[in-house]
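The values are calculated or read from the model by the stated rules, or taken from the named source; none is laboratory data. Keep in mind the model is a prediction, meaning the values are calculated, not measured. Cβ placement follows ideal geometry from the backbone for every residue including glycine, while neighbour counts extend to all protein chains displayed. When the accessible area is computed, the model is the full protein with side chains, heavy atoms only, and any ligands, DNA or RNA have been set aside. Shrake-Rupley method; radii C 1.70, N 1.55, O 1.52, S 1.80 Å.
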Amino acid sequence: MPSTETRRLGNRGDLLVYFATTQYDGPAGTDRHLADQLSRYAPVIFVDPPVSVLTLRNHPDLRRLADEPKLQVLHPRLARLIPWVVPGVTRPGLHRLVAPMMRRATRAAVARLAAPAGRGTDARLAAVVSTRIDDLWSAAPARRTLFYATDDVTVGADLLGMPRGRMLRHEARTLRTADVVAAVSPPLVRRYTDAGYPAHLVPTGCDPAAYADVDTTPPAAEVRLPRPIVGFVGHINSRIDLALLEAVAAAGHSLLLVGPRSPGYQPQRFTALLQRHNVQWVGAKPFTALPGYLRLIDVGLTPYAQSAFNQASFPLKTLEYLAAGRAVVATPLPATEWLGADLIRVAADPAQFAAQVGLALAEPRPAALVARRREFAERHSWAVRARRIADLVALPGATRDASEPPT
């Protein structure tokens, strides 16, 4: 259980601060997985995105944060900070208060959790890693700072409800002041490198251990669809091409949807899709519950729309399906091309996408094929990705394994 009492994580010079774009206790994504794995190399203070009373009012799913302590020690090598800011900080003028308030809260957390530096001890943090474009490097001096871009936020400014000009300025400043730059996809690496900021490719990963026993896990009891089942696990929002899901359902395949839905995304079309007898949506599920749903899924879908924002992304779900030993049908993203696996069927047109699903369902699933999928996913695990990040910020014990895929 998390502790709210003062407990030292380690010497200041050993600590890593991780500024995240997603809440630690939200859907398990890049930030949480990386922070968990990085705690093997250094004690980590995970800093949530800033919240305010207005945030909780506009996002009911985050109201749980009102009852959470601002600073929690989750285990002896990992703490979580929830920085509170004034309401309305996305508005012109007020947005300037975000970074100073986050820096102040982080400095206080470091002071509370770090043992005093002894004689001859470097008073700087071991490292600061940030997936945010806020001006946060000065929160606490560090020997190495790394900006890790997990999305092209400037292309997705409208989706995020932020002015693009402001996002570009913040991104440029962050790139200019970071010691090291890494990005999740080949297009982002090229964009930063062409702009004069040489970037390292560090794609998203997966947690193979979480799906190692998927075939013996009790199946999710609420699923009422007949087998075989085609499944999508993830957020249902504007990043998803609903036409691809409609085509799969229209072909008569059982379609299971697992994950939260953005209420404003195609509400009428989504309702119509759910009215089909062969479609079931079970809503958001915790990460630990996903194996019970993947037990029932025969083919996993990565139906991303062909947008500029998605072109710069690297979906987690493709590798997660493979880690579970499942077949995958995905849209042609640079991330899919980079993986370069014959284990992934690719199609963009709805009819072709549905046809590839049919071929994947007809394919036998012998133990050797399941093992090959899982072995491929293992080479792209979060442990591998975290070791790469740890190496870039020079944490002890982070020597890259020669068997890892090139980045």
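Backbone geometry of the stretch 59-69 corresponds, through the Karplus equation with coefficients 6.51, -1.76 and 1.60 at θ = phi - 60°, to 3J(HN,Hα) couplings of 10, x, 5, 9, 5, 4, 5, 4, 9, 8, x Hz, x marking Gly and Pro. Considering only beta bridges that DSSP places wholly inside the chain, some 10 percent are antiparallel. For the chain, carbon and sulfur atoms together expose 53% of the accessible surface, with a 1.4 angstrom probe and every protein chain in place.
Using heavy atoms of the protein chains and a probe of 1.4 Å, the accessible area assigned to S238 is about 60 Å².
Mind checking the angle between helix 367-378 and the chain's longest principal axis? C-alpha axes, 0 to 90 degrees, to the nearest 10. For 367-378 against the chain, the angle is about 20 degrees.
The residues of the stretch 214-362 have, on average, 38 Å² of accessible surface per residue, using a 1.4 Å probe with all protein chains present. Ranking G358, Q268, Q280 by Cα position along the charge dipole of the chain, where only Lys, Arg, Asp and Glu carry charges on their C-beta atoms, puts Q268 farthest toward the positive end.
A convex hull fitted around the alpha carbon atoms of the stretch 124-222 yields 168 Å³ per residue.
What is the extension gain from E375 to A111, computed as 0.36 nm multiplied by their sequence separation minus the C-alpha to C-alpha distance, in nm to one decimal? The partial results should precede the final answer.
Working: separation 264, 0.36 × 264 = 95.04 nm, distance 4.26 nm.
Gain in length upon complete extension: 90.8 nm.
Cα centroid separation, the stretch 311-381 to the stretch 227-292: 18 Å. The phi torsions of the stretch 357-366, fed into the Karplus equation with coefficients 6.51, -1.76 and 1.60 and a -60° offset, translate into couplings of 4, x, 5, 5, 5, 7, 6, x, 10, x Hz, rounded to whole numbers, with Gly and Pro shown as x.
Evaluated with a Cβ-only charge set (Lys, Arg +1; Asp, Glu -1), the stretch 211-346 carries a dipole of roughly 360 debye about its Cα centre, given to the nearest 20. Derived scalar couplings between HN and Hα for the stretch 284-290 equal 6, 9, x, 3, 5, 8, 4 Hz in order, rounded to whole Hz, by the Karplus curve 6.51 cos²θ - 1.76 cosθ + 1.60 (θ = phi - 60°), x for Gly and Pro. Would you mind pulling out the separation of the Cα centroids of the stretch 20-69 and the stretch 122-197, in Å? One Cα centre to the other: 18 Å.
For the chain, with only Lys/Arg (+1) and Asp/Glu (-1) charged at the beta-carbon, what is the dipole magnitude about the Cα centre, in debye rounded to 20? Can you show the working numbers first?
Working: 49 positive and 35 negative charges, 249 e Å.
The dipole of the chain has a size of about 1200 debye.
Which distance in nm do the two modelled labels at A209 and A243 give, with both placed 7 Å along the Cα-to-Cβ direction? Label at A209, label at A243, 4.3 nm between them. Note on the stretch 119-272: with charges restricted to the Cβ of Lys and Arg (+1) and Asp and Glu (-1), its dipole about the Cα centre is near 500 debye. In the chain, the longest principal axis of the Cα atoms and the axis of helix 98-113 are about 70 degrees apart.
From the helices alone, meaning DSSP H stretches of at least four residues, give me the mean residue ellipticity at 222 nm for the chain, per-run term -39500 (n - 2.57), in deg cm²/dmol to the nearest 500. Spell out each step's value before the answer.
Numbers: 15 runs with 133 residues, N = 407.
For the chain, the value works out to -9000 deg cm²/dmol.
Given axes a ≥ b ≥ c from the Cα gyration tensor, I'd like to know whether the stretch 304-407 is rounded (a/c under 1.5), prolate (a/b larger than b/c) or oblate. Verdict is oblate for the stretch 304-407. Tell me which of F147, L369, A105 sits at the most positive position along the dipole axis of the chain, charges placed on C-beta atoms (Lys, Arg +1; Asp, Glu -1). My answer, from the dipole projection, is A105.
Rounded to the nearest 10 degrees, the inclination of helix 382-392 to the longest alpha-carbon principal axis of the chain is 30 degrees. Convex hull of alpha carbon positions in the stretch 276-348: directionally averaged projected area 5.7 nm².
Could you tell me the calculated FRET efficiency between R143 and R64, based on Cβ-Cβ distance and R0 = 30 angstrom, to the nearest 0.05? Don't skip to the end; give the middle numbers.
On the way: r = 35 Å, r/R0 = 1.17.
The value I calculate is 0.30.
Considering the stretch 263-304, its Cα convex hull presents a mean projected area of 4.0 nm². For the chain, the Cα-based Rg and Dmax, in that order, read 21.5, 70 Å.
Please say if the stretch 224-353 is rounded, prolate or oblate, where rounded means a/c under 1.5 for a ≥ b ≥ c the square roots of the C-alpha gyration tensor eigenvalues, and otherwise the choice is prolate for a/b larger than b/c and oblate otherwise? Rounded, because the longest to shortest axis ratio a/c is under 1.5.
Oblate is the label for the stretch 239-290. Its Cα gyration tensor axes, ordered a ≥ b ≥ c, give a/c of at least 1.5 and b/c at or above a/b. Between P218, L290, L256, the Cα set farthest toward the positive side of the dipole of the chain (charges on each charged residue's Cβ, about the Cα centre) is that of L290.
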